[in-house]
Structures are given as C-alpha cells and as structure tokens.
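Let me begin by presenting the structure, written as structure tokens, before commenting on it.
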Amino acid sequence: MAGQNGSGGVCSRTKEKQKIPDRVTLKKEIGLLSACTIIIGNIIGSGIFISPKGVLEHSGSVGLALVVWVLGGCISALGSLCYAELGVTIPKSGGDYSYVTEIFGGLMGFLLLWSAFLIMYPTTLAVIALTFSNYILQPVFPNCVPPYMATRLLSGTCLLLLTWVNCSSVRMATRIQDIFTVGKLMALGLIIVVGLVQICNGNYEALTPQVAFSLDRTPSVGQIALAFLQASFAFSGWNFLNYVTEEVVEPRRNLPRAIYISIPLVTFVYTLTNIAYFSSMSPEELLSSNAVAVTFGEKLLGVFSVIMPISVALSTFGGINGYLFTSSRLCFSGAREGHLPSLLAMIHYKNCTPIPALLACCTATIVILCIGETHNLINYVSFINYLSYGVTIAGLLFYRWKKPNLYRPIKVNLLVPVCYLMFWAVLLGFSLYSEPVVCGVGLVIMLTGVPVYFLGVHWKDKPKCIYTFIETATCVGQRLCYVVFPQVDPTEIVSASEWTDHPSARSSFSANS
C-alpha cells in the first residue's frame, strides 16, 4: 500500500512545518471542546429523560433522591480524577483495557476486552439504538407499541449510517457529537427553565425540607445502595475520553481539563433537571411514568410536548455516535496489543479511520439486535462495567507501588482512589447479595475469555494452516477496506513508560523534544 512507504494520503496538515514524511496514523483532531462533548454526550443518554424514577423508588423520598444524584456525581468525579492520572501516565487509547493490560498483564486486560467486545458495548449500543427507534416511531404509532421489525430496521439503519460517518472522517464524527451534545443540553435546559418558572410561581411544595425528607418507609442500606447504582448507571460514560487519548490534541493538558469541566457540569444539570421534575410532578406521578421527560412535556408544554420525544431521539442518536467512536478505538487498541486479529489495528490509508474496528463493532451490535434479548443482557453489562471501574482504579494504586519513580503529570491524592474503592466495594457487595444470579452470569461471561486467551493469544506454536488462513483473511480485508498499519510518529522519541520523577530524566526528555 502507498501509505506504508510514506507516499500515500497526507494525514498531517503541518508536514512542512514539522519536516517529517507523510504518515498514515490516527489524527489528533479532538480539541478541548470535542473532548468535553465526548464525555458529556456519552454520559447524557436516554436515562435522565426516561427513568430517574429508579433513584426515587429506592431512596424513598424526594430529598434523599436529590442527595443521591449529587453524591453520584461526586463519586463519578472521584473516579474521573483517577482516570485523569492514568490517562496522562499511560497515554494510550483503549481506556480501562490499556491500563489494566499495562499494569496487571495480558490476561487481565484480555478479559476486560473480551467482555466489552462480546457483550458490553454491543448490548449498550443496541439498547440506545432501540430507544432511538422507539421514540422516532412513537408519533407514527401513537396508540400502540411500534412493530418489532420496524424498530429493528430503523435501529440498524441508524447504526449503518453512523458507522459510515465514522469510517469517512474523524472530524465529521466529532462535529456530529458536538452538535447533538449541544442539542441534549438545550433540551435539558428547557426542562430546567420550565421547572424554575414553576418554582417562581410557587409550585415547590415537594421541595420544602419538611416534605422532601418525609419518609413513608425508612429505606434499608440495601435500598440506598440500589439507588446509588441507578444514579451510577446514569453517570456511566465519564471514562470514555480515555478510549481515544491518542486522538486528543495535547492530551496531557486537554484530557484532565475536559474531565474537570464535564463531570461537574453534568452533575449540575442532572440535579437541576430532577428539581424541575419534582417542581411539576408529584412523586406518585413520577413513579408511575415510564418516560419522565415525556410526561413532564405533556403536563406543561401543551402543543409543544412533542419536543420531549424528539429530544430523547436526538439524545440517543448522539449517544450511538459516541459509543461507536469510542468502542471502535477499544477494538483498535486490543488488536494493536495482539489480543484481537491484526486487521482491526489497521486504518484507512487516506481517511486515517479504523474502518475494520468500526465494522466489527457495528456487526456485533446488529447481531445483538437480531437476538433480541437486550434487556436481559443489559443487567449483566452493568455488573461487568462496574467491576471494570474498580479493577482499573485498584490498578492505579498497584502501579504507584510497582513504579513509584514513574513521572506522573497528574498525581491525585491517595484518598481519592481509596474513597472511590471503598464506595465501589460497598455497592458491589450489595449487588452480589441482592442479584447473585445476574452477577454470577456476568462473571461467567468474563471468565469464558480465559480459554480463548490461552488458545488464541498465549499459544504461539499454532499449525501453519491457521497462520496461513489468518494471513489470507487479513490480506482480503486490507484490499476491501484499503487499510494499512498506522505508521509510528518519528517525533515521539521517549515513551511515557521511560519517564521518571528524577529531574535528569525530565530534562533529557525536554532536550529531545
């Protein structure tokens, strides 16, 4: 391929300034704004529009529900601070997988990759796509549930469209993410403004301390833990920027900045949105609603109530784009480490996009859509996802002990990961106690990767026919997708793993740079 010898498509607009040959490599096109929209766009999905009732149901009162939302944001902030340190210390795309592989070795990393690629991301994408199609089709079928086949076809069409966009251009994909994230915030802003108007008109009885903290029943510790799990699910996605670290402009500056901006903003918006709901709906109305934002719109927006289902649809459309963008980079990173077929580590020689990885993610999601058991799978996904957070942040502590002299541009206080892990252990313990079957199945799904790892990755002396088949399949894939291996950036002289806290090492790096 032309890209392999430097005479292919130009992937850097500053070629003459840097005086280096043309390279086929992932482009650094994610600035601070796009970095923020990736985090915000992946956190704000359909959850805040549809089911805040889970937090209220388990907490037992309006006041305690609001406390849970605020603390849920704070816990996410603690986790994101830990990921900020890991992201700038191990500056690789792939997020949890790359960090766990670097810290604990190939098997642990492969188990995370296996469960994420097999179940976690395809199932999440399928659920978001089905939510999108249900809300788009709601006006067409106002008095009944949209037909099964219609929702699947629309979901598949949406996935294929966004896969094509992501294959065509990183810039186009990030622009879509920017636009739809702004749209989500505007929809939530409308809810907040209408809620504040209600409060100014005196409709705030449910928010007064006497009423807000009145309990019909005293929630158990287990119920409070389940309320936090509901809130944690609504905040999931705060670590997604770490999956695309290598495409962030100046990641050591912009990655932590994006995290510091996005998590407090989402926590603020979530809390105000729930206050708006409670200013206009009684707890009984909220608990009886399957789509809180839609019920809110029907009650207060009159003829403009159609804005709410459209907002949910647009929100989920942006969520699909964000999940495709980030999950494909996970496949790309796994293939680069030798844990997935090497074809998935290749990028288009001209567009510099990981087309095989994107197609693999799209295909896996369409398979899950065809299976149809998404609601059962999502329970297992939630457990695996939450387990991976704890393992990764535990890895931060282990890495500090393993490499104490490693240079860390950001080094959070030790209390941050410790507090997060204590909270994580409590929630995980109550999950195991209350849902042992779901947690057990989640662990079994993850552990099925052990024999796959030893047969596919660890076993090096495979029969020659297997290697011949893999080579042929890779060659065919390259020709169909016009992809090659990314070229190494010649300006990257010193890797992060070589940095230490010693001043001599830092000055040497500066001189080489």
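The values are calculated or read from the model by the stated rules, or taken from the named source; none is laboratory data. Computed from a prediction, not measured in an experiment: that's the story for all the values here. The area values use the complete protein model at the heavy-atom level, side chains included, leaving out ligands, DNA and RNA. Shrake-Rupley method; radii C 1.70, N 1.55, O 1.52, S 1.80 Å.
Return one whole number: the accessible area per residue of the range 313-428 in Å², for a 1.4 Å probe.
Spelled out: the 1.4 Å probe surface of the range 313-428, per residue, equals 36 Å².
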> Hey, what did the chain get for relative contact order, percent, Cα under 8 Å, at least 6 apart?
Replying inline: 31
> Phe104 accessible area, nearest 10 Å², 1.4 Å probe?
Replying inline: 80
> Counting only protein heavy atoms, what percent of the accessible surface of the chain is carbon or sulfur at a 1.4 Å probe?
Replying inline: 67
>> With the cut-off at 22 Å, tell me which of the pairs Lys92/Lys402; Lys27/Lys92; Lys28/Lys402; Lys27/Lys350; Lys28/Lys92; Lys28/Lys411 have Cα atoms farther apart than that.
In response: Lys28/Lys402; Lys28/Lys411
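Using only the Cα atoms of the chain, build the gyration tensor, take square roots of its eigenvalues as a ≥ b ≥ c, and label the shape rounded, prolate or oblate: rounded if a/c is under 1.5, else prolate if a/b is larger than b/c, else oblate. It would help to have the intermediate numbers written out before the result.
Details: a/c = 1.68, a/b = 1.48, b/c = 1.13.
Prolate shape, in that a/c is at least 1.5 and a/b is the bigger ratio.
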>> Which of the three applies to the range 218-325, rounded, prolate or oblate, going by the alpha-carbon gyration tensor with a ≥ b ≥ c and a/c under 1.5 meaning rounded?
In response: oblate
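Would you rank Asp96, Asp216, Asp461 by solvent-accessible area, highest first, keeping every protein chain in place and using a 1.4 Å probe?
If we order Asp96, Asp216, Asp461 from most to least accessible, we get Asp216, Asp461, Asp96.
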>> Could you compute how much accessible surface Leu78 exposes when probed at 1.4 Å, giving the result in Å² to the nearest 10?
In response: 40
>> For the full complex of protein chains and a 1.4 angstrom probe, list Trp459, Trp164, Trp238, Trp401 by accessible area with the highest value first.
In response: Trp401, Trp164, Trp459, Trp238
> So how do Thr363, Thr208, Thr448, Thr353 rank on accessible area, 1.4 Å probe, biggest first, that is with the largest at the start?
Replying inline: Thr363, Thr448, Thr208, Thr353
>> Please list 3J(HN,Hα) in residue order for the range 344-349, calculated via the Karplus relation 6.51 cos²θ - 1.76 cosθ + 1.60 where θ = phi - 60°; whole Hz, with x for glycine and proline.
In response: 6, 9, 9, 10, 5, 5
> Roughly how many Å² of Glu205 are accessible to a 1.4 Å probe, to the nearest 10?
Replying inline: 130
